[in-house]
Amino acid sequence: MALIVQKYGGTSVGSFDRIRNVAQRVKALVVDGNQVAVVVSAMGGVTDQLLAMAKQVSSNPPEREMDVLLSTGEQQSISLVTMALLELGVPTVSLTGSQAGLHTSGTHTRARIDNIDATITNKYLEEGKVVIVAGFQGVNEEGLIQTLGRGGSDLSAIAVAASVHADVCQILTDVDGVYTADPRVVKDARKLPEISYDELLELASVGTKVMQSRSVEFAKKYGVKFEVRSSLNNNPGTIVTEEHDSMESVVIRGVSIERSQARVTIIGIPDEPGMSARILGALAEAEINIDMIVSNIAHDGFARHSFTMHTNDLGRAQAALKPVLADLGPTAQIESEAGIGKLSVVGIGMRSHSGVAAQMFTALGAAGINIGMITTSEIKISVTVDEVQIEDAARVVHTAFNLDRPPA
Ligand code: ADP
Ligand code: ASP
Ligand code: MG
């Protein structure tokens with residue numbers, strides 16, 4: 001007998017047939033003698049519909065109220081999945097995030113989990129009941145509902161698995177594992193048998209949305225080993241775990257893309273202390289998430305800084321930088337550009353192999369794809385390219401690193 005925590009994402013509970021399928025799968029685990037807790041997302045598309053509903057009545061919906069609204073999506077699914085299991089004769093109870101003891105803090109719509117009190121979940125599990133927990137939501141110290149950011153049910157699942165000391169944690173989704181690239185974009189992407197927390201964390205933070213990045217961070221912190229697999233078949237999935245020596249023999253584990261990026265460049269910045277802080281401080285104050293930051297040493301006494309952000313934030317960034325520009329003096333000018341894509345390659349093998357960047361840039365150059373900005377970390381290289389070329393760029397680089405072939 002094992003204690004199994006499963007998470008079913010939006011597509012996996014996206015129709016009544018799918019919900020019945022989830023119930024059948026959970027029942028099979030129970031029949032085999034396992035204890036099961038299941039975290040579910042809202043039915044596919046429901047969270048987007050709720051967001052659209054808010055826009056109908058408010059130009060700037062308050063985040064506290066957004067959380068009240070958005071959390072209803074998951075509340076629908078827990079009751080429906082529970083009913084489907086009861087229909088199959090499996091004793092089951094549903095729990096909201098608050099009832100499951102998911103305590104959160106921080107900003108509404110992107111709260112973090114502080115701790116989980118698994119008392120109620122454990123009580124039901126010990127009574128032999130299946131527990132269906134609403135993903136994506138928790139409750140803060142004031143008793144207010146908070147949500148965990150898009151894709152946050154992954155985080156709920158990892159947190160529940162940690163809190164009940166699950167033997168197995170499975171993230172069930174519409175692909176049967178983590179692939180070398182998004183299989184919707186790169187058709188010869190391969191399923192990875194395993195990947196390290198750090199690699200998946202890097203991939204998730206640069207657009208690989210199969211797992212929410214904060215959930216991977218949480219799993220690493222609390223040592224929750226988990227598997228990503230399909231809710232529609234029984235194929236073995238991808239194990240996400242601590243890295244081990246043999247993982248370093250593969251240089252690049254995966255390729256990831258992000259679309260809808262924009263670039264802002266400020267030129268003619270006087271080469272004096274405090275200038276970068278002024279610029280980035282203004283963006284931080286406006287709560288604009290900037291991503292790549294590229295700066296060059298000053299030339300003729302003037303520096304330049306470029307950074308990328310989501311296109312949706314471009315207008316606000318320009319507004320936030322306007323007063324700063326006046327402070328920087330008459331030489332400073334702002335340039336911006338939308339329609340940018342970001343391509344990243346990730347692999348812990350990069351630590352021990354050289355020439356990876358050269359190989360990537362050569363492949364892109366040979367395909368006639370121009371590189372804009374470049375940033376690197378210990379296990380990641382990211383470049384910007386014209387957004388219309390982003391999918392081609394992903395395929396070219398995927399092939400250049402032989403990711404379409406099994407490792408030798
Ligand atoms: P869920 O609703 O189950 O949370 P998501 O839509 O959030 O599922 O994540 C699954 C999707 O992630 C897949 O349909 C796939 O298109 C996408 N994806 C992007 N990159 C990858 C990758 N490297 N491996 C697997 N899936 C990926
Ligand atoms: N329903 C939420 C979303 O669509 C959370 C999740 O599915 O993980 O982002
Ligand atoms: Mg998801």
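Miscellaneous remarks
- Part-to-part distance (alpha-carbon centres) for the stretch 250-295 and the stretch 44-99, which is given in Å: 35
- For the stretch 80-154, the orientation-averaged shadow of the C-alpha convex hull comes to 5.1 nm² (one quarter of the hull surface).
- At 0.692 mPa s and 37 °C, Stokes diffusion of the stretch 138-193 via Kirkwood alpha-carbon radius, µm² per second: 236
- Share antiparallel - DSSP beta bridges, the stretch 183-306, percent rounded to 5: 80
- Charge dipole (debye, nearest 20) of the stretch 256-408; +1 at Cβ of Lys and Arg, -1 at Cβ of Asp and Glu: 340
- Percent of C-alpha pairs per 5 Å bin in the stretch 1-141, short distances first: 2, 10, 19, 21, 18, 14, 8, 4, 2, 1, 0.
- Magnitude of the charge dipole for the stretch 134-198, about its Cα centre and with charges confined to Cβ atoms of Lys, Arg (+1) and Asp, Glu (-1), is about 280 debye.
- Segment residue 235-residue 88, extension gain: residue separation times 0.36 nm, minus the distance between their alpha carbons: 50.5 nm
- For the stretch 54-191, the relative contact order works out to 21 percent when only alpha carbon pairs closer than 8 Å and six or more residues apart are counted.
- Exposed loop sites here mean GluC sites (Glu not before Pro) with a DSSP loop assignment and at most 11 other beta-carbon atoms within 10 Å; the chain contains its longest site-free run at 1-126.
- Residue 187-residue 280 FRET efficiency (beta carbon distance; Förster radius 30 Å; 0.05 resolution): 0.15
- Considering the stretch 317-388, its Cα convex hull presents a mean projected area of 6.8 nm².
- Hull-based mean projected area of the chain, where the convex hull spans the alpha carbons, in square nanometres: 22.0
- Adding -39500 (n - 2.57) for every DSSP H run of four residues or longer, then dividing by how many residues the chain holds, sets the calculated 222 nm ellipticity at -10500 deg cm²/dmol.
- Using the Karplus relation 6.51 cos²θ - 1.76 cosθ + 1.60 with θ = phi - 60°, the per-residue 3J(HN,Hα) values for the stretch 193-206 come to x, 8, 8, 7, 3, 4, 5, 5, 4, 5, 4, 5, 7, 10 Hz, with x marking Gly and Pro.
- Amide H contacts of residue 92 (H built 1.01 Å from N, under 5 Å, at least 5 apart or other chain): 130
Values in this text are rule-based calculations from the coordinates and carry no lab data. Computed from a predicted model, the values in this text were never measured in an experiment. Here the Cβ is made from the backbone with ideal geometry for all residues, glycine too, and neighbour counts use every protein chain on show.
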